[in-house]
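The values are calculated or read from the model by the stated rules, or taken from the named source; none is laboratory data. Since the model is a prediction, treat every value here as computed from it, not as a measurement. In this analysis, Cβ positions are derived from the backbone assuming ideal geometry, glycine residues included, and neighbour counts consider all displayed protein chains. Just so you know, the surface numbers come from the protein's heavy atoms only, side chains and all, with ligands and any DNA or RNA stripped out. Shrake-Rupley method; radii C 1.70, N 1.55, O 1.52, S 1.80 Å.
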Amino acid sequence: MAKKTFISYKYSEARSLRDEILEAMGDDATYYNGETSESPDLTDTSTENIKNNLKDMMHGTSVTIVVISPSITDSVWIDWEISYSLKEITREDRTSRTNGVIGVIMKVNNSYDAGASR
């Protein structure tokens, strides 16, 4: 059974892995509620506007996939996305329950070894 899914990832280094995950999901990728090539460019917008867009994407999902990449700690959004995923949030008359969270480790230089990127 497919679940509505959000993928949390560092855009500058893990976008291709996000695409691979969506491809591997096959027809179930239609349940993906995250950023796509059709998403608006929010680069030059306010923090609140970005959060509101993320909330719209994430509300109603039940699975969050977190791509663990070398610069994940440099992201200003991944911590917030994980935190939001782990809360029950009521918007209007719908409550989004706590998501299951799955971590996917990104290979670097064809290795999962943290020292491989150095």
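Of all beta bridges DSSP finds with both residues in the chain, what is the antiparallel percent, to the nearest 5?
In the chain, approximately 25 percent of DSSP beta bridges are antiparallel ones.
Pairs of alpha-carbon atoms within less than 8 angstrom and 6+ residues apart define the contacts here; what relative contact order does the chain have, in percent?
The value is 31 percent.
When a/c reaches 1.5 or more, the comparison of a/b and b/c decides; with that in mind, is region 43-118 rounded, prolate or oblate per its Cα gyration tensor?
Cα axes put region 43-118 in the oblate bin.
If r is the Cβ-Cβ distance from residue 88 to residue 108 and R0 is 41 Å, what FRET efficiency results, to the nearest 0.05?
For R0 = 41 Å, the calculated efficiency reads 0.70.
Tell me the angle of helix 47-58 to the major Cα principal axis of the chain, expressed in degrees between 0 and 90 and rounded to the nearest ten.
Long axis of 47-58 versus the principal axis of the chain: about 80 degrees.
Tell me what the chain gives for mean residue ellipticity at 222 nm when only DSSP H runs of n ≥ 4 count, each as -39,500 (n - 2.57), the sum divided by the residue total, rounded to 500 deg cm²/dmol. Can you show the working numbers first?
Details: 3 runs with 35 residues, N = 118.
It comes out at -9000 deg cm²/dmol, rounded to the nearest 500.
Given axes a ≥ b ≥ c from the Cα gyration tensor, I'd like to know whether region 1-66 is rounded (a/c under 1.5), prolate (a/b larger than b/c) or oblate.
On the way: a/c = 2.17, a/b = 1.42, b/c = 1.53.
Oblate, since a/c reaches 1.5 and b/c is not below a/b.
Would you check the accessible area of residue 104, probe 1.4 Å, heavy atoms only, in square angstrom rounded to 10?
Rounded to the nearest 10, the figure is 40 Å².
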